[in-house]
Amino acid sequence: MEDYGKQILSSLPLQILLFFNTWYSLLWFTVNFALYIFKAYSYQFPYAAFEWEIVMLFLMAFIENARIFLASRGNKTEQIPPLVWSIALSIPMIVGYVYFLTMQTFVLRIDVITNTIALVFVSLELLFSIFTSLSFYRGFTG
């Protein structure tokens, strides 16, 4: 109770984005996994490319969950290091979403829609995380 009267530096818009992105990332993974099953049966999918893209799908789901957890933890506890890790993990996520948006073996319209929405989420969270970590830094140093 010694922090009574202390200004709250956590970002509500960042936390709202993280909340909705938690649910969206689950939807993104489910839709993409179902699409890969559909693509495997409907198109002549090169086996090596199919394996690579499935592994990348699972890797991205793991990284995205870790990124969201770290950003949420850093925001709620007003700590800079988890937010910095979240910012660092945003870069491979953006690269992964761009890959799934433009360079995967077969890109369907639903791929474009789902990956564009995911890119918007990650980009906004990246910006809010940077501003929030700067706010924490200014709050702790001055």
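A simple charge model with +1 on the Cβ of Lys and Arg, -1 on the Cβ of Asp and Glu and nothing else charged puts the dipole of the chain at about 140 debye relative to its Cα centre.
Calculated on C-alpha atoms, the gyration radius of region 1-58 divided by its Kirkwood radius gives an Rg/Rh of 1.38. Take every Cα pair under 8 Å whose residues are at least 6 apart in sequence, average their separation, divide by the length of the chain, and the relative contact order is 33 percent. Here the calculated FRET efficiency for F33 and S135, from their Cβ-Cβ distance with R0 = 41 Å, stands at 0.65, rounded to the nearest 0.05. In the context of the full set of protein chains, residues of region 1-93 present 64 Å² of accessible surface per residue (probe radius 1.4 Å, heavy atoms only).
Between T77 and Q15, the modelled label-to-label distance comes to 1.6 nm, taking each label 7 Å out from Cα in the direction of the beta carbon. What's the local net charge at N75, with K and R +1, D and E -1, over the other residues with C-beta under 14 Å away? Net charge around N75: +1.
Which value at 222 nm does the chain reach when only helices count, each DSSP H run of 4 or more adding -39,500 (n - 2.57), with the total divided by all residues and rounded to the nearest 500 deg cm²/dmol? One gets -29000 deg cm²/dmol as the mean residue ellipticity at 222 nm.
Computed from the mean reciprocal separation of all distinct C-alpha pairs, what Kirkwood hydrodynamic radius does the chain have, in Å?
16.3
Within the shell of other residues whose beta carbon sits under 14 angstrom from the beta carbon of L89, the net charge comes to 0, with Lys and Arg scored +1 and Asp and Glu -1. Only protein heavy atoms count here; under a 1.4 Å probe, S10 has an accessible surface of about 40 Å².
Counted as membrane-span-like here are DSSP H helices of the chain whose alpha-carbon atoms extend 30 Å or more along the helix's own axis and whose Kyte-Doolittle mean is 0.0 or above; these are 12-42, 47-77, 109-141. Computed in the context of the full set of protein chains, the accessible area of the chain at 1.4 Å probe radius has 74% of its extent on carbon or sulfur.
The values are calculated or read from the model by the stated rules, or taken from the named source; none is laboratory data. Fair warning: this is a prediction, and the values are worked out from it, not measured in the lab. All Cβ positions, glycine included, derive from the backbone under ideal geometry; neighbour counts span all protein chains shown. We work out accessible area using only protein heavy atoms, side chains counted, and drop any ligands, DNA or RNA first. Shrake-Rupley method; radii C 1.70, N 1.55, O 1.52, S 1.80 Å.
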